[in-house]
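Every read-out reported here was derived from the displayed coordinates using simple, explicitly stated rules and does not represent laboratory data. Just so it is clear, the structure is predicted and the values come from calculations on it, not from any experiment. Glycine gets a Cβ as well: all are built from the backbone with ideal geometry, and neighbour counts include every protein chain shown.
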Amino acid sequence: MTAATPSRSRDLDKLLLRPGHLVGPNFEPGPELREDIKEYVKVLVVGAGGLGCELLKDLALSGFRNLDVIDMDRIEVTNLNRQFLFRLEDVGKPKAEVAAKRVMERVGGVNIMSHFCRIEDKPLDFYSDFSIIVLGLDSIEARSYINAVACSFLEYDTDDNPREETVKPMVDGGTEGFKGHARIIMPGTTPCFECTIWLFPPQVKFPLCTLAETPRTAAHCIEYAHLIKWDEVHSGKTFDPDNPEHMQWVYSEAVKRAELFGIPGVTYSLTQGVVKNIIPAIASTNAIISAACALETLKIISGCSRTLTNYLTYNGVEGLHTKVTEFVRDRECLVCGPGVLIELDTSITLRKFIDLLEGHPGLLLSRVSVTHRGKNLYMQAPPVLEEMTRSNLDVPLFDLMDKIPKDIVHVNGMAGKGDKKQSCLRKLRVVFNGIDGVTDVDMAGGA
Amino acid sequence: MAEPKTKYDRQLRIWGEQGQEALEKSSICLLNCGPTGSETLKNLVLGGVGSVTVVDGSKLELGDLGNNFMVDESSVGQSKAKTVCAFLQELNDAVKAKFIEEHPEALIESNPSFFSQFTLVVATQLVEDSMVKLDKICRDANVMLIFARSYGLTGFVRISVKEHAVIESKPDHFLDDLRLNNPWPELRRFAETIDLDVADPVVHKHTPYVIILIKMAEEWAKSHGGTLPSTREDKKEFKDLIKARMIASDEDNYKEAMEASFKVFAPRGISPSLQQIINDSSSEVNSNSSEFWVMVAALKEFIANEGGGEVPLEGSIPDMTSSTELYVTLQKIYQAKAETDFLAMEQRVKKILKRIGRDPDSISKANIKSFCKNARKVKVCRYRLIEDEFNSPVQPELQKYLTDEDYSVAVGFYILLRSADRYAANYNSFPGQFDGEMDEDISRLKTIAVALLGDLGCNGSTLTEDLINEMCRYGAAELHAVAAFVGGIASQEVIKLITKQFVPMCGTFIFNGIDHKSQLLSL
Ligand SMILES: [Zn+2]
């Protein structure tokens, strides 16, 4: 037996350098694998909160050297019980920046780029640059957006199999109290976030008539003050949940209403919880779920072990329950499928094309921006870009797409109706009629 | 100063001020501060435990930088315990962080009384021999103990406490205590004052479902010789009868009544798991009995007497479609009954305390109240001595795991983790710990595993070659992500034990980092 020479990767080397039987199909153990991970693999961590802080640490200590983190939030006092990279004196600073700095200070050789902005602010190119995207988010909308971005890169070959080089893997985690989930998404192979959107039922709101006429619980009194009374009294002034004076006002109004109806239980803490829809969060669950996500990331990238297929649920409320479920893809999924087929005449202008998308029953898009192969054809924002691309509106799309008879176009916009609109990204397969080389069989493939 | 409370806001919403207070009073000892131990403590320090004491005798090596976030380059060659302790202190200045530069194994041998000063000991990365010794020490000193270990893509967490009783088990889904199958006289009388067939449609759609069901159950009983719906046909008919009383399709209260109709058919009385606790020999209390068992003894009497087969009423009702007035009145009726039941329980607790020669007021009103409110949900967890499990695991369970596909990898890891310790005792290193001669290590580990299975009475059973190979490949590596997972679970269980809220896991949790089909083994 030879004693190993001292090395930082003493423990990780056992997995990356030694062959195994229960490993991924493309596992090639050896020092090259370790060095390739260091040098060439780029991981994006979305979110620098409870999960994000843990993920950055876990990934930095799992052999990854090139990490990016994106988060639009600033540090708050209530983060400190679990977001262990932040200190009291950091309150008010951007999460992404502080988290990146703290991890780089402690883990030698790791390079973390921080992005203090909204995920929608980054162009598609930004996301296409990463080998894998790890999500540590608490919002369904944000998950849905990143999922659409990652799936937008996916292309299928003529046999309807995903083309490997276009697959952008994702690992997603989520927690609530003692419960959580971790999943891996291989677009085109395992279900994407949208395929299993039913796993995240929308939050039930109280009917306004209950709040106004028959309040019964403390939460009803609070929501009355927040959603009805505020507007009655403060005409035009929007309620700001982060303004303590606003919160105090809602609280005292809720107390008055509760007294009027003889309803117990209104407290300041509950008022905050109801108004801000606070999800309880603890360090241990975040640590567990992030660790599972980081481990799966390492396994997907290196092949050093088989992976989770494909969804892990975790519950530590009563004893300890873990469950692995193999969900299946929705073949009809608009997001991870081959893309919505749009057939056009070559004379259709970009403006006409955009109008068409707004009326398309499967898309219902408004405020549409269009990109083709990384080139902005029309951008709604920022104003500079809008002005630069405006002249394209009256040019036929066929010409803007360099007369390619059939290609993928990405459109960005708001989807949905009324107040349920959210920003989204859709992949379209645009086919021009009457051009040689396009056969009926081709078009039938994605209908 | 408002800051500490705000800092803990998100966890106070889970375990409340009482849970937080228990954490702040606790003192935790950590043995070995590799990544598994460090990550466990990190989560506890963030949560605000009172004090932590890190025990580790090793010096920081270069390799430690690759798997532990709580150490840094400038400390290589220095005490690992000191370095980890300094970082932990940085996380939360409300916590007292101390360290002792000594090997845990030495401390276990030379100074067993050291451990009695702690609320709980987290022992990480110990081998079997030390685990067994520490377990006895802690059991005798009445100190709670959790073992945690990370090993390649596997690991385990095991609690060892003689007995842990939980009043506030806070289950996710638990049936509301409404007594629709057995309403008490005041509730029945209130229901009688309400007319379901009221003409005013606004009043009709604001009659709470609790009233609808009580009245309809009574009507049913009158026409069915005093019985409630029991057969499938009965239940369907009962639902149809509810539906027939609707006067408009938008009456949410009637829809709620149909959905909740099963509460009328639910069996009366207490659950089998509560019955088991009441029948436990500990409920025959004496002067040394814990508060919990004194209250169980009182509960037993209550159920047999004024409870009429039921536990004290919980006293709260869920939100339901209703006018404010009816809802608030209903709420008060439930609260009043809960208060009456509590007073009866309090008298019984006092009498029992007196009988066993203790101060009749020694159990606080608040504790009795909490017990009454949670009486249906109380839990008792007991843990075998680790030595007993090691020498004589529960045979039927072990046999089941070895043949059940869902458990085969987890139980395989369990056997191999123990085999690795035997291996280390024989050869002074873990299988595959050093490069070279892997084949020899594999065959040695296999021989040991087969012998261990034989010792455990499972002669015919085998482990797959793949898993044995895998175990040797791991070479006792402590991977950060695995350590963070295992440490995360250990810290969660610490919190449950200290706050006495939620239900800690029973058995040995085996982490399966290959496909995440981890399992709890009850051996
Ligand atoms: Zn999909």
### Query
Under the classification rounded if a/c is under 1.5, otherwise prolate if a/b is larger than b/c and oblate if not, where does the stretch B:38-82 fall, given a ≥ b ≥ c as square roots of the Cα gyration tensor eigenvalues?
prolate
### Query
Hey, with R₀ at 35 Å, roughly what FRET efficiency would residue B:305 and residue A:228 work out to, going by the Cβ-Cβ distance, to 0.05?
0.10
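Taking the inverse of the average 1/r across all pairs of different Cα atoms in chain B, what Kirkwood radius in Å do you get? Before the final figure, lay out the partial values.
Details: mean 1/r = 0.0376 Å⁻¹.
For chain B, inverting the mean 1/r across all distinct Cα pairs yields 26.6 Å.
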### Percent breakdown of C-alpha pair distances by 10 Å bin, ordered from the shortest bin, for the stretch A:1-121
13, 37, 27, 17, 5, 0
### Message
Could you tell me how far the Cα centroid of the stretch A:209-266 sits from the Cα centroid of the stretch A:67-81, in Å?
### Response
29 Å
### Summary
Heads up, the stretch B:244-356 by the C-alpha gyration tensor (a ≥ b ≥ c square roots of eigenvalues; a/c under 1.5 rounded, else a/b over b/c prolate, else oblate) looks prolate
### Task
Project the alpha carbons of the stretch B:389-508 onto their principal axes and report the range along each, largest first, in whole Å.
48, 35, 26
### Message
Working only with C-alpha atoms, what are the Rg and Dmax values of the protein assembly as shown, expressed in angstrom?
### Response
31.2, 100
### Query
Debye sum, Cα scatterers, the stretch A:81-201, no solvent: what log₁₀ I/I(0) at q = 0.09, 0.14, 0.21 1/Å?
-0.32, -0.75, -1.32
### Task
With label points built 7 Å along Cα→Cβ from the Cα atoms of residue B:74 and residue B:276, find their separation and express it in nm.
5.5 nm
### Message
Can you say what percent of the DSSP beta bridges in chain A, counting only those with both residues inside, are antiparallel? Round to 5.
### Response
60 percent
### Query
Kirkwood Rh, Cα Rg: Rg to Rh for the stretch B:68-149?
1.00
### Calculated P(r) tail over 22 Å for the stretch B:1-76, as whole % of Cα pairs
37 percent
## Note on the structure
residue B:351 and residue B:172 label points (each 7 Å along its Cα→Cβ direction) are spaced in nm at 4.1 nm
### Task
Mind jotting down the three principal axis lengths of the stretch A:340-399 based on Cα atoms? Whole angstrom, largest first.
31, 23, 20
### With at most 11 neighbouring Cβ atoms within 10 Å, loop GluC sites (Glu not before Pro) (DSSP) excluded, longest segment of chain A
A:1-325
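Which of the three applies to the stretch A:206-247, rounded, prolate or oblate, going by the alpha-carbon gyration tensor with a ≥ b ≥ c and a/c under 1.5 meaning rounded? Let's see the in-between values first.
Details: a/c = 2.95, a/b = 1.66, b/c = 1.78.
Here the stretch A:206-247 falls in the oblate category.
Rounded to the nearest 0.05, what FRET efficiency is calculated for residue B:203 and residue B:243 with R0 set to 22 Å and r the Cβ-Cβ distance? Each step should come with its number before you reach the end.
Values: r = 19 Å, r/R0 = 0.87.
That gives a FRET efficiency of 0.70.
How much FRET efficiency would the formula 1/(1 + (r/R0)^6) give for residue A:256 and residue A:205, where r is the Cβ-Cβ distance and R0 is 22 Å, rounded to 0.05? Please report the intermediate quantities before stating the final value.
Values: r = 22 Å, r/R0 = 1.02.
About 0.45, to the nearest 0.05.
What is the projected area of the convex hull of the Cα atoms of chain A, averaged over all directions, in nm²?
Working: hull surface 108.3 nm².
Averaged projected area of chain A's Cα convex hull equals 27.1 nm².
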#### Entry: Principal semi-axes in Å for the stretch B:1-127 [√(5λ), Cα gyration tensor, largest first]
26, 18, 11
### Task
Please list the non-local residues whose amide H lies under 5 Å from the amide H of residue B:52, H modeled 1.01 Å from N, same-chain partners needing a gap of 5 or more.
B:28, B:96, B:97, B:98
### Message
Could you check the spin-label model distance between residue B:232 and residue A:321? Points 7 Å from the Cα along Cα→Cβ, value in nm.
### Response
2.6 nm
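Only helical DSSP H runs with n ≥ 4 go in: add -39500 (n - 2.57) per run for the protein assembly as shown, normalise by residue count and round the 222 nm mean residue ellipticity to 500 deg cm²/dmol. Could you put the intermediate results ahead of the total?
Numbers: 39 runs with 421 residues, N = 970.
Using -39500 (n - 2.57) per qualifying helix, the result is -13000 deg cm²/dmol.
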## Note on the structure
chain B: antiparallel bridges as % of DSSP beta bridges, rounded to 5, reads 50 percent
### Query
For chain A, modelled as a Gaussian network with Cα springs under 10 Å, which listed residue fluctuates most, A:91, A:45, A:411?
A:91
## Note on the structure
With T = 10 °C, eta = 1.306 mPa s and Kirkwood Rh from C-alpha pairs, the Stokes-Einstein D of the stretch A:289-354 in µm²/s is about 98 µm²/s
